[in-house]
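K.L.:
Before I ask anything, here is the structure I am working with.
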Amino acid sequence: MSGDSVDTTPPSTMHSTQALRRLLARARTIMAGPGEAEDRLERITHIIAAELVAEVCSIYVRRAGDMLELYATQGLKSDAIHNTRLRMGEGLVGDIAAHARPLALSDAQNHPNFAYRPETGEELFYSLMGVPAVRGGRVVGVLVVQNRTQRHYTDEEVETLETVAMVVAEMVAGGELVDQSELTPVDGIGSKPLRLEGLRLHSGIGLGVAVLHQPLYRVDQVVADDPVQEHQRLNDAYAEMHGALQDMMETSAFEEAGEHRDIMEAYRMIASDAGWLEKLHTAIDSGLTAEAAVERVQNDLKTRMSQVADPYIRERIHDIEDLGIRLMRYLCGDGDQRTEDLPMHVVLVARTLGPAQLFDYDVSRLRALVLEEGSPTSHAAIVARALDIPVVAHVKEAVDRIEQGDAVVVDGDAARVFVRPGEDIQQTFKDALKARTVQARKYDALRELPARTLDGVDVTLSINAGLLVDLRRMHETGANGIGLYRTEVPFMVRPEFPNVDEQEIIYREILDGADGKPVVFRTLDVGGDKVLPYWEPGEEENPAMGWRSIRISLDRPAMLRQQLRALVRASAGRELRVMFPMIAQVSEFLAAKTLLEMELSRHHERGLVAPTRVTTGSMLEVPALAFQLKALLRHSDFVSVGSNDLMQFLFASDRGNARLAGRYDTLAPSVLSFLRAVVLECEEAEKPVSLCGEMAGYPIDAMALIGIGFRNLSLVPSSIGPVKAMIRSLELRSLEQYMRSISDMDHRSFREMLRGFAQDHKVEI
């Protein structure tokens, strides 16, 4: 193969918009012309091969069972038509279909995914360029060209083939080549009940009727007859979409400030991006209609960004996809989406959801949200939490497996979705929903009462927060304050790093909203699974134990100083509580504290109003710090145990690994022994110690923590009521005596023993 010539110069015709228009027009004419569908498809392969100067052009069509069947070819053996089949993911053609992305290879035969089919005669051809034919968000075929030489296909050539593939997709979707029943995803389950697993983004129970969010519109005409008219149609639809977004922002849902309003403002800024509109007009210039231009640009975006691992960037891509779908609505004359036909109780099911799309529905009818994608920092998830709608994400194939009108139960607590459940399951969850309502009333009645045990020991219950909307939950639950404010969350929902003034506004709003209750600000904790959209820290083999959190802050001291400066300014005339995360040794804490002292001195020198008091604490998440606790407590005003990271470091167990889920228990003897030692050290130094993290949010775990000496817990707002009810039904002396009696046992976990204690002593867990 080394003796073969290498053609690295792309044909000049591929740089010509006129040539692309000619190719599109010819393909469109053939598709709409007379003759059998397969004959027309065959003629399309001939003109593509000629225009792209390729020896081979082949078209594969997706059939039932996710098989890709060769339907037409120019250059391969004709006997291979209908005889060559590849599974999705098999070979290069299958890889293109499975990932919905193009491939351009100068040496295809040496690619690890190359699958040789002797009946085709393709061993003569070295280079390959292939693109998916996408219709309605689903791959319906693959279009491939090949050359004998090692040709280096350009980006322009790939884009040309992608545009032509839209015409082919239109032909396949027309039903002339393949029966329409084969084009519809079928899971083979029919009307049987299903239980689907996912990821909890917001807890709660929701019962209702499935409404599929599939805002897909058929592009009836790909090639434009009058480009000038198409440009005008695009501009008109674009202006109408902007007006509707402005109207949406003026509704009651956005009257109060908060992250959901910030998100929608950012969304409008994306919609105003001239670069996006320019791409759409450029696509029209290539010969496409306005609708086809939108579909072309959106498909290109998906293809180019599908491999981005960063969850924040992926969510911003979803925002742009949302805008494309919204613009398509206005182009198709369906801008004002009607919701009066919605059922009274809606479970919205979607692959993904942009922040504005949630408000296309009557939110008063939304009972739950089921997503195939999504993350805790996704805009849709943040908006849904602000509306207190249960959300379960990462539900595999939800849109394909749930049918419009299905009865659905969403258990946000357990991250499960029950589809077409039987009457017994529905009744169980209806009863659970009623019980939650009764419990909520009971917890509401406890709001003004202290978290005090039966024998008079008070426990401080604070909330973990990261959004302005969490302040409302703090007051509603009667929490004592914010024990952990995650400062990175506002950073993650912004398109760029906020400056000192912007950060000061955020922190002041938090302190104002807390209305005098204490707020502990944790400095920026990014890295690992929390990546900022405007900063690429680089790949790491083990990011949870890599360059993250305080390590980044100390390596980028200007960034930390800006944050500390904003906190000092926002706390003028009030107490400032700052906590540094991921401290592994005392020297790191001292370095961070020195930066805070520098900012306090700078503030004083400028004659500005200072905080009335400043307390500085350390999080204990890295076990090594426990062996320097005496030294740390000489410098730190308080310690807060971060149970989430601490558990994975103690057990060397990745908390994101599903195979290890449940393998180790937070109520294991080793954990309680470790935490008890920490409490004793802090008591001896007369320094406060708290625990924040998931562990504090479960009544039985919280009971154990109180039993070993914790008197300050920080938990999610929804756990305040259950944990307070547990505390008020607990006699602490009996618990402490019981825990001393079992402390030396060699059990894997004390969970069941503590559950038995609670039952015997009528402790509410």
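K.L.:
What single numbered condition from (1) assigned by TED's automatic domain parsing to the domain that holds GLU373; (2) at pLDDT below 85 fails to hold for VAL410?
P.N.:
(2)
K.L.:
Among what's in the range 437-468 and is within 28 Å of the chain's Cα centre (by Cα) and not in a loop (DSSP other than H, G, I, E, B), pick the residue that is farthest from ARG195 (Cα to Cα). Spell out the reasoning first.
P.N.:
To start, the set of residues in the range 437-468 that are within 28 Å of the chain's Cα centre (by Cα) comprises 462-468.
Next cut, not in a loop (DSSP other than H, G, I, E, B) only: 462-465.
Details: SER462: 35, ILE463: 32, ASN464: 31, ALA465: 32 Å.
Within the range 437-468, the match that is farthest from ARG195 (Cα to Cα) is SER462.
K.L.:
Looking at the range 555-572, which of the residues that are over 21 Å from ARG508 (Cα atoms) and either in contact (Cβ under 8 Å) with a residue 12 or more places away in the chain or among the acidic types (Asp, Glu) (or both) is surrounded by the fewest Cβ atoms within 10 Å (Cβ to Cβ)?
P.N.:
Looking at the filtered set, the residue picked out is ASP555.
K.L.:
Among the residues of the range 707-722 satisfying the criterion of being modelled with pLDDT under 95 and part of a helix (DSSP H, G or I), which is surrounded by the fewest Cβ atoms within 10 Å (Cβ to Cβ)?
P.N.:
That would be SER718.
K.L.:
Of all residues in the range 369-392, which are modelled with pLDDT under 85, over 11 Å from the mean Cα position of the chain (by Cα) and either crowded, with 24+ Cβ neighbours inside 10 Å or outside the structural domain of VAL410 (by TED's automatic domain parsing) (or both)? Talk me through it step by step, then tell me what you get.
P.N.:
Step one: of the range 369-392, the residues modelled with pLDDT under 85 are 373-388.
Imposing the further condition that a residue be over 11 Å from the mean Cα position of the chain (by Cα) reduces the set to 383-388.
Passing the criteria: VAL383, ALA384.
K.L.:
Okay, next question. Can we say GLU540 is farther than 24 Å from GLY481 by Cβ, surrounded by fewer than 20 Cβ atoms within 10 Å (Cβ to Cβ), out of contact with any helix residue (DSSP H, G or I) (no Cβ under 9 Å at 6 or more places or on another chain) and modelled with pLDDT of 65 or more? Break it down stepwise before answering.
P.N.:
Numbers: farther than 24 Å from GLY481 by Cβ: yes; surrounded by fewer than 20 Cβ atoms within 10 Å (Cβ to Cβ): yes; out of contact with any helix residue (DSSP H, G or I) (no Cβ under 9 Å at 6 or more places or on another chain): yes; modelled with pLDDT of 65 or more: yes.
When the stated conditions are applied, GLU540 passes them.
K.L.:
Kindly indicate whether any position in the range 631-639 is surrounded by 14 or more Cβ atoms within 10 Å (Cβ to Cβ) and within 26 Å of HIS394 (Cα to Cα).
P.N.:
Step one: list which residues in the range 631-639 are surrounded by 14 or more Cβ atoms within 10 Å (Cβ to Cβ), which gives 631-633, 636-639.
Then keep just the ones that are within 26 Å of HIS394 (Cα to Cα); that gives none.
No: zero hits.
K.L.:
Which condition from (1) at pLDDT below 95; (2) buried (at least 20 other Cβ atoms within 10 Å of the Cβ); (3) farther than 24 Å from SER462 by Cβ is the one that ASP525 breaks?
P.N.:
Going through the list (1) at pLDDT below 95; (2) buried (at least 20 other Cβ atoms within 10 Å of the Cβ); (3) farther than 24 Å from SER462 by Cβ, ASP525 breaks only (3).
K.L.:
Does GLY405 satisfy being of a type outside the set (D, E, K, R) and surrounded by fewer than 16 Cβ atoms within 10 Å (Cβ to Cβ)?
P.N.:
On the way: of a type outside the set (D, E, K, R): yes; surrounded by fewer than 16 Cβ atoms within 10 Å (Cβ to Cβ): yes.
The answer is yes for GLY405.
K.L.:
Hey, could you check the range 32-86 for residues that are among the aliphatic types (A, V, I, L, M), over 14 Å from VAL144 (Cβ atoms) and not in a strand (DSSP E or B) and say which is modelled with the lowest pLDDT? Even if it seems obvious, please write down each step before you answer.
P.N.:
In the first step, residues of the range 32-86 are kept if they are among the aliphatic types (A, V, I, L, M); the result is 32, 37, 41, 44, 47-50, 52-54, 56, 59, 61, 64, 67-68, 70, 72, 76, 80-81, 86.
If we keep only those that are over 14 Å from VAL144 (Cβ atoms) too, we end up with 32, 37, 47, 50, 53, 64, 67.
Remaining after also requiring not in a strand (DSSP E or B): 32, 37, 47, 50, 53, 64.
Numbers: ALA32: 71, ALA37: 84, ILE47: 90, ALA50: 89, VAL53: 90, ALA64: 79.
The residue in question is ALA32.
K.L.:
Now a separate question. Filter the range 54-101 down to residues that are touching a Pro at 6+ places or on another chain (Cβ under 7 Å) and crowded, with 21+ Cβ neighbours inside 10 Å and give me whichever is nearest to TYR153 (Cα to Cα).
P.N.:
ILE96
K.L.:
Another question, if that's okay. Looking at the range 19-46, which of its residues are surrounded by fewer than 20 Cβ atoms within 10 Å (Cβ to Cβ) and among the small types (Gly, Ala, Ser)?
P.N.:
Once the filter is applied, which keeps residues that are surrounded by fewer than 20 Cβ atoms within 10 Å (Cβ to Cβ) and among the small types (Gly, Ala, Ser), the range 19-46 yields ALA19, ALA25, ALA32, GLY33, GLY35, ALA37.
K.L.:
Tell me the residue from GLN221, GLN246 that is among the polar types (S, T, N, Q), surrounded by 13 or more Cβ atoms within 10 Å (Cβ to Cβ) and modelled with pLDDT of 65 or more, please. Explain how you work it out, then say what you get.
P.N.:
Numbers: GLN246 fails: surrounded by 13 or more Cβ atoms within 10 Å (Cβ to Cβ).
Of the residues listed, the single one that is among the polar types (S, T, N, Q), surrounded by 13 or more Cβ atoms within 10 Å (Cβ to Cβ) and modelled with pLDDT of 65 or more is GLN221.
K.L.:
Does GLU681 satisfy the criteria of being of a type outside the set (A, V, I, L, M, F, W, C) and either at pLDDT 95 or above or not assigned by TED's automatic domain parsing to the domain that holds PRO623 (or both)?
P.N.:
Values: of a type outside the set (A, V, I, L, M, F, W, C): yes; either at pLDDT 95 or above or not assigned by TED's automatic domain parsing to the domain that holds PRO623 (or both): yes.
Judged against the criteria, GLU681 is a match.
K.L.:
Okay, moving on. Restricting attention to the range 414-434, which residues are loosely packed, with under 15 Cβ neighbours inside 10 Å and not polar (S, T, N, Q)?
P.N.:
ALA414, GLY422, GLU423, ASP424, LYS430, ASP431, LYS434
K.L.:
Moving on. So if I check each of PHE649, PHE674, PHE589, which one is within 30 Å of ALA415 (Cα to Cα), in contact (Cβ under 8 Å) with a residue 12 or more places away in the chain and part of a helix (DSSP H, G or I)?
P.N.:
Details: PHE674 fails: within 30 Å of ALA415 (Cα to Cα); PHE589 fails: within 30 Å of ALA415 (Cα to Cα).
Every option except PHE649 fails the conditions.
K.L.:
Take the residues of the range 600-616 that are without any contact (Cβ under 8 Å) to a residue 40 or more places away in the chain and either among the polar types (S, T, N, Q) or assigned to a loop (DSSP other than H, G, I, E, B) (or both): which is surrounded by the most Cβ atoms within 10 Å (Cβ to Cβ)?
P.N.:
Top of the filtered list is THR616.
K.L.:
Looking only at the range 179-196, which residues are part of a loop (DSSP other than H, G, I, E, B) and at pLDDT 80 or above?
P.N.:
In the first step, residues of the range 179-196 are kept if they are part of a loop (DSSP other than H, G, I, E, B); the result is 179, 184-193.
Result: no residue meets the conditions.
K.L.:
Taking into account only those residues within the range 261-278 that are in contact with a helix residue (DSSP H, G or I) (Cβ under 7 Å, 6 or more places away or on another chain) and surrounded by fewer than 17 Cβ atoms within 10 Å (Cβ to Cβ), which is modelled with the highest pLDDT?
P.N.:
It comes out as LEU277.
K.L.:
To continue, here is another question. Does ILE47 satisfy being of a type in the set (Val, Ile, Thr) and over 42 Å from the mean Cα position of the chain (by Cα)?
P.N.:
On the way: of a type in the set (Val, Ile, Thr): yes; over 42 Å from the mean Cα position of the chain (by Cα): yes.
It is true that ILE47 is of a type in the set (Val, Ile, Thr) and over 42 Å from the mean Cα position of the chain (by Cα).
K.L.:
Hey, among the residues in the range 723-765 that are outside any helix (DSSP H, G or I) and hydroxyl-bearing (Ser, Thr, Tyr), which one's surrounded by the fewest Cβ atoms within 10 Å (Cβ to Cβ)?
P.N.:
At the first step, the residues of the range 723-765 found to be outside any helix (DSSP H, G or I) are 729-731, 743-750, 761-765.
Of the ones still in play, those that are also hydroxyl-bearing (Ser, Thr, Tyr) are 729, 743, 749.
Values: SER729: 17, SER743: 13, SER749: 15.
Taking the candidates together, the pick is SER743.
K.L.:
Tell me yes or no: at least one residue of the range 654-663 is of a type outside the set (D, E, K, R), more than 33 Å from the chain's Cα centre (by Cα) and part of a helix (DSSP H, G or I). Break it down into steps so the answer makes sense when it comes.
P.N.:
Start the filter on the range 654-663 by keeping residues that are of a type outside the set (D, E, K, R), which leaves 656-658, 660-662.
Next cut, more than 33 Å from the chain's Cα centre (by Cα) only: none.
Within the range 654-663 (the criterion being of a type outside the set (D, E, K, R), more than 33 Å from the chain's Cα centre (by Cα) and part of a helix (DSSP H, G or I)), the answer is no, since none of the residues qualifies.
K.L.:
Checking the condition crowded, with 17+ Cβ neighbours inside 10 Å and modelled with pLDDT of 95 or more, which residue from GLU597, GLU588, GLU575 passes? Write out each step before concluding.
P.N.:
Details: GLU597 fails: crowded, with 17+ Cβ neighbours inside 10 Å; GLU575 fails: crowded, with 17+ Cβ neighbours inside 10 Å.
Residue meeting the stated conditions: GLU588.
K.L.:
Cβ-Cβ below 7 Å, separation at least six or inter-chain, first residue in the range 511-523 and of a type in the set (S, T, N, Q), second buried (at least 18 other Cβ atoms within 10 Å of the Cβ): which pairs?
P.N.:
THR523/THR487; THR523/SER553; THR523/LEU560; THR523/GLN563; THR523/VAL578; THR523/PHE580; THR523/PRO581
K.L.:
Also, quick follow-up: Of the numbered conditions (1) assigned to a helix (DSSP H, G or I); (2) closer than 24 Å to GLY175 by Cα; (3) modelled with pLDDT of 90 or more, LEU23 fails exactly one; give the number of that condition.
P.N.:
With (1) assigned to a helix (DSSP H, G or I); (2) closer than 24 Å to GLY175 by Cα; (3) modelled with pLDDT of 90 or more applied to LEU23, the lone miss is (3).
The values are calculated or read from the model by the stated rules, or taken from the named source; none is laboratory data. Small disclaimer: the values here were computed from a predicted structure and weren't measured. Note: ideal-geometry Cβ built from the backbone for every residue, glycine included; neighbour counts use all protein chains shown.
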